[in-house]
Amino acid sequence: MTDSEPEPTLCEGLAIYPGSFDPITNGHVELIFRGLEVFDRLVVAVAHNPRKQTLFTTDERAEMIRQALPERKGLEVDSFEGLLVDYARARGAHVILRGLRAVADFEYELQMANMNKKLCPGVETLFMMTGERYFFLSSQSVREVATFGGPLDGLVPETVAEALRRKLGHD
Ligand code: PNS
């Protein structure tokens, strides 16, 4: 292997990293980079749920992710509507990647992983622990801080901080 060749990943094939990403945080970004060290292809999939109210539209959320991430071979940003396992099947993915923070995420994630396994046994949910620096961080807390004009340094990529300030009229 020459110096210019990328490090080989651990797993061949496609993994889906789904979420609401309303908005993407630095915790998500860190997990995406770690996911790319494991999987050679990773799709960051923004969920479009017409019944769920979000601060940013699906297109805005996907665009913010594209702006926040460098162009990288094997990395794609997409959106989906409907069941995640149907999307995974349509994309030919066998792995759903989810980040896990401290205990608070566990029950929700367990329920979702079990439901997805029941709906589609061929798709496996794999968890990576969120980087400890980001254990406290969630899109919800970011929206809360941004709503009151608080500092967003270190919480979200700068382009996302700008989008939040614009959206919430703090620019
Ligand atoms: O970032 P989030 O909000 O925790 O992501 C949740 C998400 C979007 C992954 C989840 O709600 C989802 O998969 N929605 C699609 C609908 C679906 O497949 N539901 C069945 C699993 S219970």
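Throughout, read-outs are computed from the coordinates displayed, never taken from laboratory work. None of these values were measured; they are calculated from a predicted model. Counting neighbours? That spans all protein chains shown, and the Cβs are built from the backbone with ideal geometry, glycine included.
Structure above, values below:
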| quantity | calculated |
| --- | --- |
| Cβ-Cβ FRET estimate between Arg166 and Arg34, R0 fixed at 25 Å, reported to 0.05 | 0.25 |
| Anchor Lys118: aspartates and glutamates whose Cα lies under 13 Å away (excluding residues fewer than 8 positions away in-chain) | Asp86 |
| Over segment 40-128: Rg over Rh, Cα atoms, Kirkwood Rh | 0.96 |
| Relative packing of peptides 82-91, 105-114 - highest average C-beta neighbours within 10 Å first | 82-91, 105-114 |
| Mean separation of Cα contacts under 8 Å, 6 or more apart, over the residue count of the chain: relative contact order % | 26 percent |
| Fully extended contour minus Cα-Cα distance, from Glu158 to Phe127, at 0.36 nm per residue | 8.5 nm |
| Added length on full extension, which subtracts the Cα-Cα distance from 0.36 nm per residue, Lys52 to Tyr108 | 18.5 nm |
| Whole-angstrom gap from segment 120-169 to segment 1-65, using each part's C-alpha centre | 13 Å |
| Cα Rg over Rh - the chain, Kirkwood | 0.97 |
| Fraction of alpha-carbon pairs over 19 Å apart in segment 87-171 - percent | 54 percent |
